[in-house]
């Protein structure tokens, strides 16, 4: 069971200090302009701990998508939570992510949901092989994924993944992977950063080059339009989070056509 650990800083200027200052002895607080009010460590479904946390902070944020959404929703009833629980829930499920992209007119690799032998057969017929079978939730750094090249491999892979709800994704030929980061502040103003080139080894991101070399203004504009659409969607639904959108933009080889598809 994951735990949550929250530290409240009494002076934002402390963030300009070395992060190690957070572990400094209390006698150094005055020198560092840093006060650790309290560390709170508890299971994320601990209602008492959530209530205590909400009573002690002005807002709550988190840095990765596997925070239990029920905890975020509980906190959001008491204090602002950024990103919002609704944005969190979408980011936790690959199928929901792709459905959101589709509703916004953002292209993706071909995909189909898999939650039974029957839907796996349908997915293979619609997506084809080779493909990648991915768990809808909790997969990262190559975990929860299997490359399949035949229908038999797909059935074996689904069994190996515990017959968990999955998404079958078609292969996309590409020359390199680029990602685009957009941030919407609490005041609602979005900022889009330059494209970054990513290099993976063994399914794990090992190196990013920022800014990515050889990016055309047209490609940067298209990436900005993608993440801008996501940011506008969250604004439309009043999700006033510091929403971080990092879909992978891939320069796709399809004859002479260049395309861009979020992962």
*Do we find a residue being surrounded by 14 or more Cβ atoms within 10 Å (Cβ to Cβ), over 15 Å from the mean Cα position of the chain (by Cα) and under 20 Å from residue 144 (Cβ atoms) anywhere in region 52-63?*
no
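Could you identify the single residue in 41, 57, 37 that is in contact with a strand residue (DSSP E or B) (Cβ under 6 Å, 6 or more places away or on another chain), more than 30 Å from residue 143 (Cα to Cα) and modelled with pLDDT under 85?
Answer to the check: 37.
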*Listed residues 73, 94; which is within 17 Å of the chain's Cα centre (by Cα) and at pLDDT 90 or above?*
94
*Considering 138, 124, which residue is closer than 24 Å to residue 65 by Cβ and either over 24 Å from the mean Cα position of the chain (by Cα) or not assigned by TED's automatic domain parsing to the domain that holds residue 199 (or both)?*
138
_Looking for something buried (at least 20 other Cβ atoms within 10 Å of the Cβ), farther than 29 Å from residue 195 by Cβ and at pLDDT 90 or above - is there at least one such residue anywhere in region 123-140?_
yes
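Would you tally the residues in region 171-202 being in a loop (DSSP other than H, G, I, E, B) and either closer than 27 Å to residue 82 by Cβ or in contact with a strand residue (DSSP E or B) (Cβ under 7 Å, 6 or more places away or on another chain) (or both)?
Residues of region 171-202 that are in a loop (DSSP other than H, G, I, E, B), as a first pass: 171-173, 180-181, 185-189, 193-195, 202.
Still in the list and also either closer than 27 Å to residue 82 by Cβ or in contact with a strand residue (DSSP E or B) (Cβ under 7 Å, 6 or more places away or on another chain) (or both): 171-173, 180-181, 185-189, 193-195.
So the answer is 13.
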*asked:* Of the conditions (1) under 24 Å from residue 91 (Cβ atoms); (2) at pLDDT 85 or above; (3) in contact with a strand residue (DSSP E or B) (Cβ under 6 Å, 6 or more places away or on another chain), residue 259 satisfies every one except a single condition; which number is it?
replied: (2)
_Go through (1) surrounded by 12 or more Cβ atoms within 10 Å (Cβ to Cβ); (2) free of Cβ contacts under 8 Å to residues at least 40 places away in the same chain; (3) assigned to a strand (DSSP E or B) for residue 163 and report which single condition fails._
(3)
_Identity of the residue in region 186-196, without any contact (Cβ under 8 Å) to a residue 60 or more places away in the chain and more than 17 Å from the chain's Cα centre (by Cα), that ends up surrounded by the fewest Cβ atoms within 10 Å (Cβ to Cβ)_ = 187
*Quick one: count up the residues across region 143-160 that are part of a loop (DSSP other than H, G, I, E, B) and in contact with a strand residue (DSSP E or B) (Cβ under 6 Å, 6 or more places away or on another chain).*
1
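The values are calculated or read from the model by the stated rules, or taken from the named source; none is laboratory data. Bear in mind the structure is a predicted one, so any value in this text is a computation, not a measurement. Backbone-built Cβ (ideal geometry, glycine too); neighbour counts: all protein chains shown.
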